[in-house]
Structure formats: structure tokens, C-alpha cells
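For reference, the structure is listed below as C-alpha cells.
The values are calculated or read from the model by the stated rules, or taken from the named source; none is laboratory data. Treat the numbers as computed from the prediction; the structure is a model and nothing was measured. Here Cβ is always computed from backbone atoms with ideal geometry, including for glycine, and neighbour counts include all displayed protein chains. Side chains are part of the model used for accessible areas, which takes the heavy atoms of the whole protein and leaves out ligands, DNA and RNA. Shrake-Rupley method; radii C 1.70, N 1.55, O 1.52, S 1.80 Å.
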There are 2 protein chains.
Amino acid sequence: MEFHDARLDNGLQIVAELNPNVYSVAAGFFVGTGSRDETAAVSGVSHFLEHMAFKGNKTYSADDVNRIFDEVGARYNASTSEEVTLFYAAVLPEYLPRTFELLAGLMRPSLRQDDFDMEKKVILEEIGMYEDQPSFTAYEQMMQTYFAGHPLGQIILGTPESVGALTCEQMRNYHREHYRAGNITLAVAGNVEWADVLDLAERWCSDWPAGRYKRSRTEAVPAVGTTIVTRPAGVQEHVMQMAAAPPADSRLRYAAELLAVAVGDDSGSRLFWELVDPGHAEVAELAYNEYDGSGGWMTYLSCLPETTEANLERVRTLYDNVNAGGLTEVELKQAKNKVSSRVVLRGERPMGRLSSLGGNWVYRQEYRSIEDDLKTVRSITLSNISELLEAYPLRQLTTAAVGPLTSLDAGGQDGPVSEKPV
Amino acid sequence: MEFHDARLDNGLQIVAELNPNVYSVAAGFFVGTGSRDETAAVSGVSHFLEHMAFKGNKTYSADDVNRIFDEVGARYNASTSEEVTLFYAAVLPEYLPRTFELLAGLMRPSLRQDDFDMEKKVILEEIGMYEDQPSFTAYEQMMQTYFAGHPLGQIILGTPESVGALTCEQMRNYHREHYRAGNITLAVAGNVEWADVLDLAERWCSDWPAGRYKRSRTEAVPAVGTTIVTRPAGVQEHVMQMAAAPPADSRLRYAAELLAVAVGDDSGSRLFWELVDPGHAEVAELAYNEYDGSGGWMTYLSCLPETTEANLERVRTLYDNVNAGGLTEVELKQAKNKVSSRVVLRGERPMGRLSSLGGNWVYRQEYRSIEDDLKTVRSITLSNISELLEAYPLRQLTTAAVGPLTSLDAGGQDGPVSEKPV
């Protein structure tokens, strides 16, 4: 493995991890924009724009784009989160030039009015489809409640109203502002020469407008509260809860990942053994979500409605025990094994490395090899976990519930909510 | 990459592809048994037994098995098909010994009566859950109709009746007969020494009973016909059709894979451009299924009920054109790119290599590296495709439909159905 980085004159960041021992190469553009960078008036525009990128540009029609990706056998896709819009493709090395041209073209779409009108229908259908999934609704409600008044509380898909009212002109303005070269990172992983990466970037990206969009990184002040969405036809109650956890640039983030796995992995964790294994709940998990300047402990519980309050109480007791006593040596070791194994298995494909490579650069301007990650994971001690829990105790501050229940005592802890990032 | 194979005295086959450049290792036991090896009286026993394997043995309880896999961070799972029951785990190299002991233990489960009774409920729930999925029901109905009277027509999960009536004693007998060492292939891929693989196999598998179950490989005689399952509440009609394709040991199988991709891949194929892209159907795909001694072209169509007959007619015209004119150079090239890219991307993880390694050995007693596969794919010509189409034309012999329709003229071609394997 060999790491390289560079920057074009217009500000485009380029990072590459070259590996001559693999048979494929993956390339991705990480655009530093997502729902948190939208105003309420254009809520959903980042995600809508991700779709529009595939509708063609001055060289290629929408049909061309899909046909050519297909012709070269590319595995390609795109995604939009609160903070990053990602476009990527993995391909045999001989087809990287052709694929790269297309992929770079996605960053400068034509944004034609008729494509916009047609795609709007697709987006509205997608919103409807997601709204049918209770866990998705619970996630959106939790984020909106917890991050009330903060940009992270803006939902990714937008609402039928915001997307319905969006104009093509608004999207073009948003694109002009947020897709400048200084706001984009090109990551490449796999079997390719560094000189070829530079050539491709120069050839297809150097005429992009320079400049960078500056995100507001104001720290979130968590809002305590419970939001209930009653759906009488549901069988299970879906509950999501959030509390403050380390932000993406915190040195505590590896400890946070290990703690989440030990306490709330989908198997073999404390929540698993105390809630899922005995049959109290269908799902009981804790995840660590990292954002730019903020972070969240996210609890997800799915169980029969009548058992919800008792289960939330079980979670509370369990979290109290963790906050007071930390983890055991055995739990920490097991979490390390799990996380190490995931790092390795994810990293064995160029597409897996791509997401690590781009994510580390976008959030922290650092390169981390698989060995770096394994070394850091191994180095975490029980006292790091205690330090983490002191700064960011496991709590159930904000609750969103979707299901048959019409009311819920989630026991929202309204004590001090002033955890500060470390 | 370095390939090795060996056989223990009791008949256990061992194959390994060693790769010192990766960070993980995967191991799997491919047991040469599945629903086609069951009698009607024990229908579903292979799949049920796969579940029971995780319930513990003379050394470990069920809790131990899951706990220890978790402790070492193993990614592990099992699956049952018509012909193979597979148990596998991927792990960091340092944990292979511990993981291997557990994995080998799965082959000799205790099959306790109380575990059996409890797990039977889980299996019955799983059957109910799958029956709710129309595409799954269509697949089962198609297999039962097409392979009527042939062992491949026996469904994997069994029926609520057959599983309900199954006794623990019947399962123990089935296990005794089908889990003998000569019926099992151990495949290992990734970062490990060959001597260590042999040591582990000797230590944990050499006391397994010798012998081999001999499968009936009678060739299937396709049954022509249409089966309809009416579900008025459904929105879409789900239709599956089958016709004869090359069996797993045919030299035509690579050509068959390429043809299926060109004609019926989920994007960029003829079916995609003629049915899905213009909005006639939600799904229109052709797959090539290979079995021991038989093979099947499987068509899957999902569309609005009232458009089903017109869409089946479109498929028929399209297949007639392919049968008469074959593929174009451009289509073949594109299919080669797609298949090559899949071979490579799948092969970049030890778990991906494991399935290729074990599958090739179980079906054909041969080792094929990624390069071997790529070379063969590249070598296929348009005249190989024509030869394939002559022996196995694309047809719609047998049809199963699940959805609102109460009747369907699937235009079942009742001409000669005597395609012979080449």
C-alpha cells in the first residue's frame, strides 16, 4: 500500500491508496455537502441533486451515463448523508479512464428543467416509501427533535412540501455554491499508478470553478424531549433515543466505537444479552454516530408496544451500570476483536478502503491505513473508556417513538445536558 | 496465491487458497446435501439441521457457540440450498484455531430433543415469513412445477406439515447418513499456512465417520405448465418461468452466464431496455441457475397484473430474436466486462474466494483462480453463444405466477422439451 495526496490549483483534494496486489480500482468524489448545509427553503436539495447528477451533462445524456457505466462493468452508486454527498465506482483497472470521465462528469450535470420535473416525482415517491418504514421515521423524528434549531436537524430527503416547492433555479444556485472544487475530495483506492490518477484529475477536473463553501460548525445543544408518531396498524413500537457523544474529530472516537459495540452491538453485547436474548425486545442496539463538530449515542429499541416502557427502564439501568462501572476487560477485548475484524474485512476491497480514505480526509485531513486503525483499536484501555464515559455518559435524552403507542413515559433525563466535546 | 488440496483418511476433502497479502482468513464446510437429497417424508430437514448445528455439541452449549464466535470477532453464517449446506466464518488470522474448533464442532451437533422442539417453532415462523414474500413463493412454485417428480422439485424450507411432523430421530438419521466426512469439503481462503490448515483439520475432523452419501443425479425432464397462486391484496404480479440450461459441469456454463447477463441483467440488458426502462415492468430479469446434472434459465417478471400477458409476450418475442440471432459483439463485450468485474470484486475478499473455491470443488473437483475465470470469460466467442442457444434456447416452458391474477395465458411453449445437456 502506498499513500499519496495532492491538490489541484482550483482546490480539489486528491488522496489515493495504491495497491498493486488487487485486481480492481475504485474512485469516488466526496462532496462536502448534505442536508445540514441546506436552508429550510431548499430542504432535500442535496439528495435531489445527487439524483440529478446522473441525468447527464453537456457531453452525455442520462441514457449514455448509465449505458457506459454498464458497458465497462462498473459497480457504481451514490449516497447523501447529513454532511457528505458521495459518488463512486469500482471497475477493472483497464476501464478506469473511461469510468473516471463519466464520474467526473457527474459533478457538472446540466440540470435541465424537464429532467428536474421528471425526477421530482421519483424523489416524492422515494420520500413516501421511506415514510412507510417506522425505523426510518423514528430516526428522522429523533434527529429533528435532538438537533432542534441546529442544521443537523434538517432531514436528508426533505419533506413533500419542501421538495414539491423546490425550483430548478434554486438547485442550480445550490450546485454553484456547494460543488466548487475546494469543497470536493477525490479518493482513489486499488490497482492504479499515482501518475495516472493525477493525469485523470488534471484532465477532467481542472476546469471546475475554484472556491469552497464554509459550513457552520456551531456545536449542537441537545434538546430533551419525547416525540410520538402514532401508527395504530403497526405491530412493534420503534423507539430511537439520542445523547451527546464525541464529534468526528475527537480523539475519543475509537473508544466510542468500542463502547457502542460492547454495550449495543446486534449480537453478544450487554443490550443483546439483557433485552434481545431473553425475548424482551426484537432489537436493542446502541450506535455511535459522528458528525462534524457533534456526535450522538443512538439507542434503537423495537419491541411490543406494551413492553416499551419496561424495556426503556431496562436500558436505563443498564446504561447507569455502564456509566458507573465502565466495561470489563473481557468486554473490551471482545469489542476490539469485533471492530478489528470489521476494519479488516471492510478494508479488503478497494470500495471498502475508498470510504475509509475519503471519510478520514474529509473529516480529519488524515490518512489512516488498515494497520493504523488496528493499532489504535488495540491501544484503547479501560481507562480510556472511563474517560469517555465521564465526558459523554450513556443517556436517553431525546426520544422518538413510532408505532401503536399514543403516549410514552420515556423517562427523559432532564438533568444537565451540557456535555462538552473533548 | 497458492493452491493446495488434500484428503483425510476418512474422506474429508480439503482445499485452500493461501494469500499472505490479506489480513483475514475464511474457512467453510461445504456439506454436499440439501433439499434434493431429502425424501418427501423429511422435507425441510437439511435446512432445519443447519439451524440445529448452532445449538451446541458435547463440548459447547448453544450460548457458548454464539458467544465464542462473537468473542473472536468472527463474521459467520450458514446457508442451505437445493444441493449444498454451507457453514463458514471469516476472522483475523490469529483467531483461526479457536474459530476452526467451533466451526468443526457445528458438523457434529448434539441434536438434543428440547433444542429440536424449540427450534421447530423458529423454522415454522421462518416458513411463514417467506411465504409472505410473493417472489419467494413464485420461485418455490416454479421449482415444484418445473422439476415435478425430480428431487430438485423438493423445496428447501419444507412445508409447515413436513416440518411439523419431523422427529428428532429422523433428523439424527439424516445427519448420520449425510454428514459423513466423504460428503464434506473444507475450504480455506486467505492469510494462513497450509501446514496449519492440515493440522487443524487433522485435530478436529479426523475422528468423523468415513463414507459418502451417493446422490441420485438423474437428469430432470422439464414439466410444461402454469401454476397460479392468487393473492388479491397484492399490487404487482410476480411471475417466474423456467427452461433447460446447462448443468453445473457443462463446458457451456460460462457462455450461459454471459448470455444471462446480456439478455437479462438488472440494468443495461435487453430485458432492461425493452421492459423496465420504458416502464412496462418493475422487474424483468433472466438468470442462469446451475445444478448437479441439470440447469435452468430462470425468467423473473414483476409488473402490474393487467400488463402481465403483454409483458410475457414481449419477453417471448425478445427470446425468439435472441434464439434466432444470438448476441451482438457489443453486447458480448459488455457482458464480459460485467462478469469480469463481478469475479474480481467478489474475489477480493477471502469470504468471496471461499465460495468460489468450495463451489468449484464440490461441483467439479477443480481449482480455478481469479485469473482462470477471467481468462475463460475473455475467451468466449459469439459462436460459443450460438452453440449454447442451439442446445439450450431461451424459452418459457414452465410458469408460476403469484399476485392478483386468477388466470394467466403464459403462452407455455409445449413443443419438444428434450434439450439435452452438452
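Quick look at the numbers
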{"quantity": "Pair B:ASN21, A:ALA310: separation of 7 Å Cα→Cβ label points (nm)", "calculated": "5.6 nm"}
{"quantity": "Tensor-based shape of the protein assembly as shown (alpha-carbon gyration tensor, a/c under 1.5 rounded, otherwise prolate or oblate)", "calculated": "rounded"}
{"quantity": "Set B:LYS214/B:LYS338; A:LYS120/B:LYS336; A:LYS121/A:LYS214; B:LYS58/B:LYS121; A:LYS121/B:LYS338 screened for pairs whose C-alpha atoms are more than 27 Å apart", "calculated": "B:LYS214/B:LYS338; A:LYS120/B:LYS336; A:LYS121/A:LYS214; A:LYS121/B:LYS338"}
{"quantity": "Where B meets A: accessible area buried, both sides, 1.4 Å probe, Å²", "calculated": "3100 Å²"}
{"quantity": "Whole-number accessible area per residue in Å² for the protein assembly as shown, which is evaluated in the context of all protein chains at 1.4 Å", "calculated": "39 Å²"}
{"quantity": "Centre separation in Å (Cα based) which lies between the range B:329-385 and the range B:192-249", "calculated": "19 Å"}
{"quantity": "Positive-end residue of B:THR185, B:MET142, A:GLN113, charge dipole of the protein assembly as shown with Cβ unit charges", "calculated": "B:THR185"}
{"quantity": "Size of electric dipole in the range A:115-212: Cβ of Lys, Arg +1 and of Asp, Glu -1, about Cα centre, debye, nearest 20", "calculated": "360 debye"}
{"quantity": "Shape of the range B:175-217, Cα gyration tensor, a/c cut at 1.5", "calculated": "oblate"}
{"quantity": "Charge dipole (debye, nearest 20) of chain A; +1 at Cβ of Lys and Arg, -1 at Cβ of Asp and Glu", "calculated": "720 debye"}
{"quantity": "Cα centroid separation - the range A:137-190 against the range B:29-84, whole Å", "calculated": "45 Å"}
{"quantity": "Rounded if a/c under 1.5, otherwise prolate or oblate - the range B:229-338, Cα gyration tensor axes", "calculated": "oblate"}
{"quantity": "Accessible surface, 1.4 Å probe, highest first, among residues A:MET143, A:MET118, B:MET298", "calculated": "A:MET118, B:MET298, A:MET143"}
{"quantity": "Built amide H within the under 5 Å cut-off of B:THR226, gap 5+", "calculated": "B:THR399"}
{"quantity": "P(r) weight above 19 Å for the range A:28-187, C-alpha pairs, percent", "calculated": "55 percent"}
{"quantity": "Computed E for A:ASN321/B:ALA324 - FRET, C-beta separation, R0 56 angstrom, nearest 0.05", "calculated": "0.20"}
{"quantity": "Amide H contacts of A:ASN19 (H built 1.01 Å from N, under 5 Å, at least 5 apart or other chain)", "calculated": "A:GLY190, A:ASN191, A:VAL192"}
{"quantity": "Average beta carbon contacts from partner chains per residue of B:335-342, 10 Å cutoff", "calculated": "5"}
{"quantity": "Pairwise FRET efficiency - A:ARG112 versus A:VAL221, Cβ, R0 = 30 Å, nearest 0.05", "calculated": "0.10"}
{"quantity": "Additional length obtainable on full extension of the chain from A:SER61 to A:GLU390, 0.36 nm per residue less Cα span", "calculated": "112.9 nm"}
{"quantity": "Charge dipole magnitude, Cβ of K and R +1, D and E -1 - the range B:55-108, Cα centre, debye nearest 20", "calculated": "140 debye"}
{"quantity": "DSSP-assigned coil residues among trypsin sites (Lys or Arg not before Pro) in the range A:238-317, each with at most 14 further Cβ atoms within 10 Å", "calculated": "A:ARG251"}
{"quantity": "Cα-based Kirkwood hydrodynamic radius, the range B:12-112, one decimal, Å", "calculated": "14.4 Å"}
{"quantity": "Separation of the B:ARG203 and B:ARG364 label points, Cα + 7 Å toward Cβ, nm", "calculated": "3.5 nm"}
{"quantity": "For chain B, the longest site-free run once GluC sites (Glu not before Pro) in DSSP loop states with at most 16 other Cβ atoms within 10 Å are removed", "calculated": "B:1-192"}
